[in-house]
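Right, one structure below, let's go through it.
The values are calculated or read from the model by the stated rules, or taken from the named source; none is laboratory data. For clarity, every value in this text was computed on a predicted model and none was experimentally measured. A quick note on method: Cβ atoms are made from the backbone with ideal geometry, for glycine too, and the neighbour counts reach across all protein chains shown. Just the protein is used for accessible areas: all its heavy atoms, side chains included, with ligands, DNA and RNA removed. Shrake-Rupley method; radii C 1.70, N 1.55, O 1.52, S 1.80 Å.
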Amino acid sequence: MGRVTIRPGIGRDVALMFGPSITLAAAEKAAVMVKTQMGVGTVDDRNHAVARADLTDRIDVSVRPGHAQDHSVVLSVKGREGTEIASHLEFGYVNNRAGRRLAGMHSMRNVASKLKV
């Protein structure tokens, strides 16, 4: 069994080799795919209130800080205390008070595996 890892700076390297237009095109295409997948409702969990919420307006294409040529797709969701909870929604989390694990949406991961530029 093997493990595949992707270097964090791969988007920057691709943008430097092929120009920022390639990362912008890929990011815009991925954003549309993520919005479609999230609009359909990728999580079927009646205990996961956010899974039924419409998060399509929380997805945008932005430039990575410090890398003007590298575009990325960003899901931004604020929690009750104002903290960022998008990673919990994407990958899942354990609700200690309720005593259960809530499934993640995995929308970004699924789109990244299907994206072809």
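Residue-level check: of (1) open to solvent by less than 50 Å² (accessible area, probe 1.4 Å); (2) at pLDDT 80 or above; (3) of a type in the set (D, E, K, R), ASP45 misses just (2). Could you please tell me which pairs satisfy a Cβ distance under 6 Å, a separation of 6+ or placement on different chains, a first residue in the range 15-41 that is on the phi < 0 side of the Ramachandran plot, and a second residue that is open to solvent by 80 Å² or more (accessible area, probe 1.4 Å)? Close Cβ pairs (under 6 Å, with a partner that is open to solvent by 80 Å² or more (accessible area, probe 1.4 Å)) amount to ALA26/VAL117.
From the list GLY99, GLY66, pick out the single residue that is farther than 30 Å from SER21 by Cα, of a type outside the set (Phe, Trp, Tyr) and either surrounded by fewer than 17 Cβ atoms within 10 Å (Cβ to Cβ) or modelled with pLDDT under 80 (or both). I'd like the intermediate steps shown before the answer.
Numbers: GLY66 fails: farther than 30 Å from SER21 by Cα.
Result of the check over GLY99, GLY66: GLY99.
Within the range 69-96, restricting attention to residues that are open to solvent by less than 60 Å² (accessible area, probe 1.4 Å) and of a type in the set (Val, Ile, Thr), the residue that is farthest from ILE22 (Cα to Cα) is ILE85. Determine whether ALA51 is among the small types (Gly, Ala, Ser) and either modelled with pLDDT of 80 or more or touching a Ser or Thr at 6+ places or on another chain (Cβ under 7 Å) (or both). Judged against the criteria, ALA51 is not a match.
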